[in-house]
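Q: Quick one: the structure is below, questions incoming.
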Number of protein chains: 2
Amino acid sequence: MSSILIIGGSDAGISAALRIKELQPRASVTMLVADAYPNYSICGLPFYLSGEVPDWHQLAHRTLEEIQSAGVTVQLNTRAVEIHPKAHTVVTLSDDWGKGTLDYDRLVIATGSEPVCPPIRGIDERGVFLLHSMGDSFAVAEFLRRHQPRRALIIGAGYIGLEMADALTHRGLAVTLVEQQNTVLPTVDAPMGTVLGHTLATQGIDVRTGVKIDQIEQTGHSLRVLGTLTFDQEVDMVLVVVGVQPVTSLFKQTGLRLGVRGAIPVNRAMATELPDVYAAGDCVETYHRILGTDTYLPLGTTAHKQGRTAGENVVGGTAQFAGTLGTQVVKLFELAVARTGLRDHEAKAAGYAPKTVQCETWDHKAYYPGAQSLTFRITGDTRTGQLLGAQILGHWQASVAKRADLFAMALYHSMTISELMAVDLSYTPPLGSPWDAVQMAAHQWLSEAGKPTD
Amino acid sequence: MSSILIIGGSDAGISAALRIKELQPRASVTMLVADAYPNYSICGLPFYLSGEVPDWHQLAHRTLEEIQSAGVTVQLNTRAVEIHPKAHTVVTLSDDWGKGTLDYDRLVIATGSEPVCPPIRGIDERGVFLLHSMGDSFAVAEFLRRHQPRRALIIGAGYIGLEMADALTHRGLAVTLVEQQNTVLPTVDAPMGTVLGHTLATQGIDVRTGVKIDQIEQTGHSLRVLGTLTFDQEVDMVLVVVGVQPVTSLFKQTGLRLGVRGAIPVNRAMATELPDVYAAGDCVETYHRILGTDTYLPLGTTAHKQGRTAGENVVGGTAQFAGTLGTQVVKLFELAVARTGLRDHEAKAAGYAPKTVQCETWDHKAYYPGAQSLTFRITGDTRTGQLLGAQILGHWQASVAKRADLFAMALYHSMTISELMAVDLSYTPPLGSPWDAVQMAAHQWLSEAGKPTD
């Protein structure tokens, strides 16, 4: 039986380990975990910090015992610091036992990502936090408990920034949300970002777009935050959440080239260029199914699928990662916003002739109580009618996420927007329409952008 | 410009008319409507009778004016009574103007369905209702208003029977629901029907399965209902909802053969064997995409798609009806139950080697408040791993319907259950899991029924 070493205990690492044990129960699998928290739901941190998840232990997808009872040897608080690809060894550094060396037949690198630290003077001041790991989260929780801050400023209005704005408002803090771009959540189109911005403002959040923060200074018990033009605000704490970058120092030592945004290049089998070394998750380049090229798009969903693929191939399989579609969703107060596929400018850059059409529909028949409005933005290729992407915004209980997933399924199969009309989707007045909302949006695109015979 | 006649003003007829005007705005389109209610949402009748939809006018998908302003000539209260295919004429009978004759270049038959009237003695008694048309519905509403019945008995626990049990309970009536089969909603597997039955009982409904009603007699102001063995109950009103059958008397006169359950045979272009005559909706045989054969499965969703296909072809198009997948959903109190594709016995009859696996998952991460349990029953072919069908039961706000639609999309594309794991679906803790519930259910099927390398 081969001996398999996995570096990293989050989504990709765990998925690889479980897949290996599923296919080859007798394989020897060792997993190095840099901290004490294997297989935690990092995406759940905002809900822990909001108080909605009272105990952080609840964030564990699986307990350590469950992982161990699957037959995986777990070494906590242990980092890999060197790889020797020819010797098939890894040098480790454990908080408890210091340096060590482990042999491997096959290796899976799943070291994940770390927060981007923007060039802001004073970013190391007390009360300023990056948010990514369980450790970061404990530091924030401890600060909230001890200092009872009343005013928080969040730098970055991406998914985590928005969720934290929601979370800290939920806790009763006055929140300022600062974003360099002109609308919040710049990963969706501006009309949707604008709606989200209004929602945040309605909830009492001070939304400041088009603002770049330059400096944070300690002033007595407060932090003074300075930025673009006259931006100048005094708060009690600052969160910096402006994105993540791959953790690749280990791989870098091998002298091999790095890829997009410094991520580890892999093929669709999740193999690196090093013999017997696979990589998966937030540390790797990700194949994009619609672009047909590699990109950097670190998401838990993708990490799981890549880890599963790597795990299968490590024990002799021939799995291929199907590719990301860029499917994402976030809940924000009463709203959810989701996207999948390409936006207009992304499609144009990739050589398509896109057109994006926006429309509003009800989530179910308007005569049945509780109907919610959904806003769709559908992007399709005007030459072929191919669906390229979809964005949806609406009430979080109006199946926004699963409707985005229907578009993801369509994208997976390279469907035309016209063909989407042909699929037999479910209907009952409290939950949909004879043509589901996704089909009404498709029909609107066809009316405005397609040929009538589409 | 050709002159097109459409017989029927419900889902299929309207879809055909609108598609024709979309493609050929100058085409002459005349639509005969048997009653005064074109394009009404018949599926909404239970919600009108429950009181949730206060005004029946709200049930109109479109108003008469909207249809007319699309350029469609509508003749209300007019039936077609004879077709003369060679002469290309139709004899009509109008409530207002008596007999008439209309010429056509192309004809679309969309006469729909009518309730099956089971052989029960006394079914014509006052207080006994069939429920299908707007007219039926007004009769029930009038009876409810005038006689203020306290006890209702519903014969048939299919979709409409269940919705009416919910609706009349909502109105404060004591409801008895009688079903000949051993569980309610026999279109889903017994374990799910059993859960639905318990839910109905919890809501105070007297559920009587395995009971066939033989006789209804008037006894003073009440109705005495007698059935299997000792079944004997006195109630104030009876609803009979045991299914529907195609309305085909018009077509029958042409001497052509009828198909499954007496429905009009059509090809996938929705053309009948008569020259220039198309048919669509509840009156036709329906192509089943997984079975590859025709079946009878009258649903509004299907009627719309067939009507659209017929409409396109009537003006020279080459559209093909993609086929039904048998996708259906119903909301019942707090629950929704949906199905798509084949159930185990249906798959077996069609020559597959099916296995059905049941499992429970959460609709979203359990640590986030409000997680709901979903029950899945996944049917796949053990020889090929192909997905054959899925059934889902859970809280109606847990995206049961749209998750069923994800399986419908997979069925549409003949996916294997394994491939379902590869699709990039959305995730945020309040709305899903890193592997969505549909993928967890797929994984469970693979674990129990698939080969491990699937």
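The values are calculated or read from the model by the stated rules, or taken from the named source; none is laboratory data. Please read all numbers here as calculations on a predicted model, not as lab measurements. In this analysis, Cβ positions are derived from the backbone assuming ideal geometry, glycine residues included, and neighbour counts consider all displayed protein chains. The accessibility values were calculated without ligands, DNA or RNA, using every heavy atom of the protein model including side chains. Shrake-Rupley method; radii C 1.70, N 1.55, O 1.52, S 1.80 Å.
Q: Using only Cα atoms, what Kirkwood radius does the range B:328-449 have, in angstroms? Intermediate results must be reported in sequence, preceding the final value.
A: Working: mean 1/r = 0.0701 Å⁻¹.
In the range B:328-449 this quantity evaluates to 14.3 Å.
Q: What is the dipole size for the range B:53-101, taken about its Cα centre, with +1 at each Lys and Arg Cβ and -1 at each Asp and Glu Cβ, in debye to the nearest 20?
A: 300
Q: Looking at the square roots a ≥ b ≥ c of the eigenvalues of the Cα gyration tensor of the range A:190-302, which shape do they give, rounded for a/c under 1.5, prolate if a/b is larger than b/c, or oblate?
A: prolate
Q: With +1 on the Cβ of every Lys and Arg and -1 on the Cβ of every Asp and Glu, and nothing else charged, how large is the dipole of the protein assembly as shown about its Cα centre, in debye rounded to the nearest 20?
A: Values: 72 positive and 90 negative charges, 178 e Å.
Its charge dipole is roughly 860 debye.
Q: Let me ask something else. For the range A:179-251, max minus min Cα coordinate along each principal axis, in Å, sorted largest first?
A: Cα extents, longest axis first: 43, 38, 23 Å.
Q: Highest mean first, how do A:17-28, A:300-311 rank when packing is the count of other Cβ atoms within 10 Å averaged over residues?
A: The densest-packed peptide leads the list: A:300-311, A:17-28.
Q: Of the cross-linked pairs A:K331/A:K365; A:K355/A:K402; A:K21/A:K99; B:K212/B:K252; A:K348/B:K21, which ones have a Cα-Cα span greater than 25 Å in the structure shown?
A: Values: A:K331/A:K365 23 Å; A:K355/A:K402 23 Å; A:K21/A:K99 28 Å; B:K212/B:K252 31 Å; A:K348/B:K21 33 Å.
The answer is A:K21/A:K99; B:K212/B:K252; A:K348/B:K21.
Q: Cα to Cα, under 18 Å, and not fewer than 8 places away if on the same chain: which aspartates and glutamates meet these conditions relative to A:K305?
A: A:D11, A:E22, A:D282, A:E285, A:D294, A:D405, B:E419, B:D424, B:D436, B:D454
Q: Two decimals is fine: what's Rg over Rh for the range A:1-134, C-alpha atoms, Kirkwood radius as Rh?
A: Details: Rg = 16.7 Å, Rh = 16.3 Å.
Ratio of gyration radius to Kirkwood radius for the range A:1-134: 1.02.
Q: Continuing with the same structure: In a Debye calculation with equal point scatterers on the alpha-carbon sites of the protein assembly as shown and no solvent, what is log10 I(q)/I(0) at q = 0.06, 0.08, 0.11 Å⁻¹?
A: Normalising to I(0) and taking log10 leaves -0.47, -0.80, -1.31.
Q: Follow-up question, since we're still on this one. Rounded to the nearest percent, how much of the accessible area of the protein assembly as shown (1.4 Å probe, protein heavy atoms only) is carbon and sulfur?
A: 49
Q: What is the distance in Å between the Cα centroid of the range A:218-289 and that of the range A:49-119?
A: Cα centroid of the range A:218-289 versus Cα centroid of the range A:49-119: 18 Å apart.
Q: Take the Cα atoms of chain A, build their convex hull, and give its volume per residue in Å³.
A: Numbers: hull volume 75.0 nm³, N = 454.
Dividing the Cα hull volume of chain A by its residues yields 165 Å³.
Q: Something else now. Roughly how big is the range B:328-449's charge dipole about its Cα centre, with Cβ charges of +1 (Lys, Arg) and -1 (Asp, Glu), in debye to the nearest 20?
A: Here the range B:328-449 has a charge dipole of around 200 debye.
Q: Quick check for you: with a 1.4 Å probe and neighbouring chains kept, what is the accessible area per residue of chain A, in Å²?
A: On a per-residue basis, 37 Å².
Q: Placing the label point 7 Å from Cα along the Cα-to-Cβ direction, what are the distances from A:L229 to the equivalent spots in the other copies, shortest first, in nm to one decimal?
A: Label-point distances to the other copies, shortest first: 8.1 nm.
Q: Taking N as the number of residues in the range B:117-236, what is its alpha-carbon radius of gyration divided by 2.2 N^0.38 Å?
A: Against the compact-globule rule of thumb, the ratio is 1.02.
Q: Please name the residues of the range A:361-387 whose accessible area, counted over protein heavy atoms with a 1.4 angstrom probe, falls by no less than 40 Å² between the chain alone and the full protein assembly.
A: A:Y367, A:Y368
Q: So in the protein assembly as shown, what percent of DSSP beta bridges are antiparallel if you round to the nearest 5?
A: Counting DSSP beta bridges with both partners in the protein assembly as shown, the antiparallel share is about 65 percent.
Q: Right, next: Roughly how much accessible area, to the nearest 100 Å², goes out of reach of solvent when A and B pair up, both sides summed, probe 1.4 Å?
A: Buried surface at the A/B interface: approximately 6400 Å².
Q: Find out how many positive minus negative residues lie around B:R268, taking Lys and Arg as positive, Asp and Glu as negative, among other residues whose Cβ is under 15 Å from that of B:R268.
A: -3
Q: Rounded to the nearest 500, what is chain A's calculated 222 nm mean residue ellipticity when only DSSP H runs of at least 4 contribute -39500 (n - 2.57) each, over all residues?
A: Helix-only estimate at 222 nm: -7500 deg cm²/dmol.
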